[in-house]
1. Criterion first (part of a strand (DSSP E or B) and loosely packed, with under 14 Cβ neighbours inside 10 Å) does ASP342 satisfy it?
2. If we scan the stretch 26-33, do we find a residue that is surrounded by fewer than 14 Cβ atoms within 10 Å (Cβ to Cβ), at pLDDT below 95 and hydroxyl-bearing (Ser, Thr, Tyr)?
3. Does the stretch 209-225 contain any residue that is of a type outside the set (S, T, N, Q), surrounded by fewer than 17 Cβ atoms within 10 Å (Cβ to Cβ) and within 30 Å of GLN107 (Cβ to Cβ)?
4. Quick one: which strands (runs of 3 or more DSSP E) lie wholly within the stretch 205-307 and hold at least 1 residues that are in contact with an Asp or Glu (Cβ under 9 Å, 6 or more places away or on another chain) and in contact (Cβ under 8 Å) with a residue 12 or more places away in the chain?
5. Would you be able to tell me the number of residues in the stretch 90-104 that are in a loop (DSSP other than H, G, I, E, B) and charged (D, E, K, R)?
6. Sort out which residues of the stretch 92-129 are touching a helix residue (DSSP H, G or I) at 6+ places or on another chain (Cβ under 6 Å) and touching a residue at least 60 places away in the same chain (Cβ under 8 Å), and write them in order of number.
7. Taking only pairs six or more apart or across chains, which ones have beta-carbon atoms under 8 Å, a first residue in the stretch 171-183 that is closer than 11 Å to LYS99 by Cβ and assigned by TED's automatic domain parsing to the domain that holds GLN98, and a second residue that is exposed (fewer than 13 other Cβ atoms within 10 Å of the Cβ) and of a type in the set (Asp, Glu)?
8. Does SER361 satisfy the criteria of being touching a residue at least 60 places away in the same chain (Cβ under 8 Å) and over 19 Å from TYR70 (Cα atoms)?
Amino acid sequence: MALRKKQIYRIVYICLFLLLISTYVVITIFRPLNTLKPINGNNLTKSFSTSPLNINWPSNSEAAISVNGYSFVNSKDTYSPTPTASVAKLITALMVLQKFPLAKGQQGNTFTITQKEMDIYYNYYSKNGSTSPFRLGEQINEYQLLQSMLIPSSNNAADSLAIWAYGSLSNYAQNANQFLKFNGINNTTVGSDASGYSPDTVSTPTDLLKIASLVAKEPVLMEIVGQKEALIPVGGIMYNYNSLIGKDGINGMKTGNNDETGGVLVTSSDININGKDITLLTSVMKATSLSAAITKNYDIVKQFRNNFSGSSEIIPFIKNANYYVIPWNKQKVNLFVENIPDLQSLNSTDIKVSLSIDNISYKAREGDEVGILKITSSVPNVTKTLKIYLASTPKSPSNFWLLTHPF
C-alpha cells in the first residue's frame, strides 16, 4: 500500500513538473516583448558650425555689419567714436517721430516757414552745407520735411524739424542723448546741431547699426530712405545721394560726408535665404570720400551674400547618429530620412540637428515612421521638420532565444 502511494506521488510530481515546463514555454514564447530603445536615446541634439565668416574688410576706413533682429554683429575692428556727418539725421528722424508719430500714408502736421527757418537755411547755405530751399510763408508738412532731410540730406530741414519738435537744438540734443542711452547706444553723442554738419556728433560703426535697426522698425522712415527722389516744395525734384538703392536688395538708409570724417554710409539690404528674408545692416565710416564709402559698402554687401553655407557633417551624422540593436541576434536596424535639405546658415553661426526617436516594437517593419528630424539654421532662423523611418525590418526572435531569455 505504501509503495502504491509513492508511485502516485511520483506521477503527480512529474505531471506538475511537466505542467510547469509547459506553462514556462507558453509564457516565454508568446509573451509580449519589451520595446526597443534607440542606441543613443530617444532625444539627440547636436550643433554644427558653418564655415568661418569671410569678409574682406575695406582698408583705410571703418566698417561693421549686423543682421537686423539677430544678435549677430561683426566689425573690422573696435573703434573710437568719430563724426557721423549727415548719418546723424537718422537720429533726428527717430526723435521727430517720438514727438510726431506718422503711419504710412500720413503726411503729419503742416508747418509754415518763418524767418527763423529762413535764417537756418541761409546759415547752412553760406557754409556750403547741404540744403533744401525754403521760402518765407511756404507751408510744408512733416512727411515732406523728413523727405527733404533724408533724401537730399538737407541740413536746414534737420535743424528746423528738431527745433519744431523740441523747442531748441539744446533741448533736442538732451532728449536725443537720453534716447540713445536708453536704447543701449552708448558710444554715440548728439552735439550742437541735428544735421551732423558739426563734427561734435560722433558715433562708431557698430552704434550706427543699432541706430539703423531702430529706423528699420519705422515703416514711414524705411519708405523715405528707400526713395531715389522726392518732390519737395520750393526745391522741386531732389535726388538721393545713396546711389546703391535698388542694387542687390539695398533698400535705403543714409549717406554722410564732411571734412572731418570723410565718407559715411549706412545701408540696409534684404536677402532671401532658405525662403526667409533677412535684413543686412552695413556701415562704413572714415572713407576718403562719399564715393569711396559707397563703393566699400557695396562690396561688403556683395561679399556677405556669399557667406551662407551648410555643414558637410550633418548628413553623415544623421545617418549614423541613431539606430536600434536587436538583442536576440545583434542585428543593427538603421534609420533613414528622405530628402534631407541643404539648409544654409550665415557663416560663423550654427546649424542645429535634433532627432526625436520612438521606441519600437519587435513587430515593427521597414518603412514604419519612428521619429522626427529637425534641422534649424541660426541666421536666418528657419527649421525644417522631416519624418524618420525604419530602414529595415527587425528579425523576429527564435524560440530558443525566447526560452533562454525569460526576462
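1. In short, no.
2. No - not one qualifying residue is present in the stretch 26-33.
3. Taking every residue of the stretch 209-225 in turn, at least one turns out to be of a type outside the set (S, T, N, Q), surrounded by fewer than 17 Cβ atoms within 10 Å (Cβ to Cβ) and within 30 Å of GLN107 (Cβ to Cβ).
4. Answer list for the stretch 205-307: 236-239, 250-258, 262-273, 276-287.
5. Of the residues in the stretch 90-104, the ones in a loop (DSSP other than H, G, I, E, B) are 100-104.
If we keep only those that are charged (D, E, K, R) as well, we get 104.
Of the residues in that region, 1 qualify.
6. THR92, ALA93, LEU94, MET95, VAL96, LYS99, PHE100, LEU102, LYS104, TYR124, GLY129
7. none
8. Yes; evaluated as a whole, the condition is true for this residue.
The values are calculated or read from the model by the stated rules, or taken from the named source; none is laboratory data. Because the structure is a prediction, the values reported are computed rather than measured. All Cβ positions, glycine included, derive from the backbone under ideal geometry; neighbour counts span all protein chains shown.
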